[in-house]
Amino acid sequence: MLREKLYCFGVLAVFCICGLFPQTSQAADKFKVLVVMSYDEDYPWNKEIKEGIDCSVPAETCEMKYFYMDTKRNPQGGEEKAKEAYTLYQEFQPDGVIAADDNAQSMFVVPYLKDKVRTPIMFCGVNAAPEKYGYPGSNVSGILERQHLRESIAFVQQLVPSVKVLGVMTADNPTGRALVQIIQSNSDTYSVESVIFKLPKKLKEAVTMAKELREQCDVLLLHALQGLRDESGKALTEKDVVPILTETFGKPTIGGVIYMVKYGVLCAIISRGQEQGETAAKMLLQAMQGTPLSQIPITRNKNGKAFINVITMKALGIKPKPMALKGVELVKTEKQ
């Protein structure tokens, strides 16, 4: 009798232990996350977004894969890269996707994933209105990228009170055209009298436009100029382009991200790629942990910080009042 009881107890113990193993294994499983970046791995904006994601996604809970579409340097290859990203998606079978910037939406998310799979997808760095991509979708939410342009204009006017006409130069690509639409729709809220837009495709065009704008504008916004071509057709970086354009324009310039100020732009209230990546990652974690997408609404960046390039400020002969420098971080131009 005792032997039978011991046998039954042993069998029961085995079943209990075996029943626990799948739960323990499941608890140890990591969420698989695929991140699809519109641009290349060395692009500063992508680096900032990746920093934000990596700081927000616990390594012990998530397995990450990054894919770079490289559409700044090779826009014609974007659709083929999107196919490669979808093949990786099918092979990796992620629990969630982060898609950064506009090209990843139009070329990858919308054709392959939006409302077609159950995988939750969070976008970040999107300049266009979300309605352009049909967002939000049944499986899509995210964070928009909005320049702190109103604040940057007010900031440069503290340094140079005579600023009345704004020039905007951005590359003739989806990101640039989306920025123009956003600025046009909000132009009546800016503290300038008028705005003039220029969208070059080549550096030579951009230099000619900068000379024209020098006669027409008091301040120039330089934004998203990565990928402008030189005379040989080579795609240039913003580090190549910005010093040439700031010197050609010869007046105050503003930007939207910290590296533009480090390349020679006078000042900016910056938006941070880290905020984009961090917010998208936290939203995705919520979704993967079971929060319905309907409870994770589309948001936008909120935080901005003031920067001034002191080398550029000195070259322009600007001597701001001490109050204008309160809370401002001062940087110097990076050497080429």
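Please determine whether any residue of segment 319-327 is within 30 Å of VAL97 (Cβ to Cβ) and either part of a loop (DSSP other than H, G, I, E, B) or of a type in the set (Asp, Glu) (or both).
No: segment 319-327 contains no residue that is within 30 Å of VAL97 (Cβ to Cβ) and either part of a loop (DSSP other than H, G, I, E, B) or of a type in the set (Asp, Glu) (or both).
Run down ILE196, ILE182 and say which single residue is out of contact with any Pro (no Cβ under 8 Å at 6 or more places or on another chain) and in a helix (DSSP H, G or I).
One residue alone meets the criteria, ILE182.
With (1) in contact with a Gly (Cβ under 7 Å, 6 or more places away or on another chain); (2) under 17 Å from ASP172 (Cα atoms) as the list, and MET107 as the residue in question, which single condition is left unmet?
(2)
Please give the number of the condition SER232 fails out of (1) outside the structural domain of TYR135 (by TED's automatic domain parsing); (2) small (Gly, Ala, Ser); (3) surrounded by 21 or more Cβ atoms within 10 Å (Cβ to Cβ).
The one condition SER232 does not meet is (3).
Which one is surrounded by the most Cβ atoms within 10 Å (Cβ to Cβ) among residues in segment 215-225 that are touching a strand residue (DSSP E or B) at 6+ places or on another chain (Cβ under 8 Å) and over 17 Å from GLN147 (Cα atoms)?
Looking at residues that are touching a strand residue (DSSP E or B) at 6+ places or on another chain (Cβ under 8 Å) and over 17 Å from GLN147 (Cα atoms), I get CYS217.
Provide a single number: the residues in segment 152-176 that are assigned to a loop (DSSP other than H, G, I, E, B) and either of a type in the set (D, E, K, R) or over 16 Å from VAL257 (Cα atoms) (or both).
Count: 7.
Do we have any residue at all in segment 258-281 that's in contact (Cβ under 8 Å) with a residue 60 or more places away in the chain, hydrophobic (A, V, I, L, M, F, W, C) and over 20 Å from GLU329 (Cα atoms)?
Yes; the residues of segment 258-281 include at least one that is in contact (Cβ under 8 Å) with a residue 60 or more places away in the chain, hydrophobic (A, V, I, L, M, F, W, C) and over 20 Å from GLU329 (Cα atoms).
Taking segment 145-197 only, how many residues are surrounded by fewer than 23 Cβ atoms within 10 Å (Cβ to Cβ), of a type in the set (D, E, K, R) and either within 30 Å of MET107 (Cβ to Cβ) or within 18 Å of the chain's Cα centre (by Cα) (or both)?
Going through segment 145-197 one residue at a time, the tally reaches 3.
Give the residues of segment 260-277 that are crowded, with 22+ Cβ neighbours inside 10 Å and not in a loop (DSSP other than H, G, I, E, B), sorted by residue number.
If the condition is that a residue be crowded, with 22+ Cβ neighbours inside 10 Å and not in a loop (DSSP other than H, G, I, E, B), then MET260, VAL261, CYS267, ALA268, ILE269, ILE270, GLY273, GLN276, GLY277 are the ones that fit.
Among the residues of segment 289-305 satisfying the criterion of being outside any loop (DSSP other than H, G, I, E, B) and more than 19 Å from THR119 (Cβ to Cβ), which is nearest to the chain's Cα centre (by Cα)?
Once the filter is applied, the top-ranked residue is ARG300.
If you go through segment 22-33 one residue at a time, do you hit one that is closer than 30 Å to ARG229 by Cβ, hydrophobic (A, V, I, L, M, F, W, C) and at pLDDT 80 or above?
no
Would you tally the residues in segment 129-143 being outside any strand (DSSP E or B) and either crowded, with 18+ Cβ neighbours inside 10 Å or not assigned by TED's automatic domain parsing to the domain that holds MET283 (or both)?
5
Exactly one of (1) over 20 Å from the mean Cα position of the chain (by Cα); (2) not in a helix (DSSP H, G or I) is unmet by ILE244. Its number?
The one condition ILE244 does not meet is (2).
The values are calculated or read from the model by the stated rules, or taken from the named source; none is laboratory data. Just so it is clear, the structure is predicted and the values come from calculations on it, not from any experiment. Ideal geometry is used to build each Cβ from the backbone, glycine not excepted, and the neighbour counts take in all protein chains shown.
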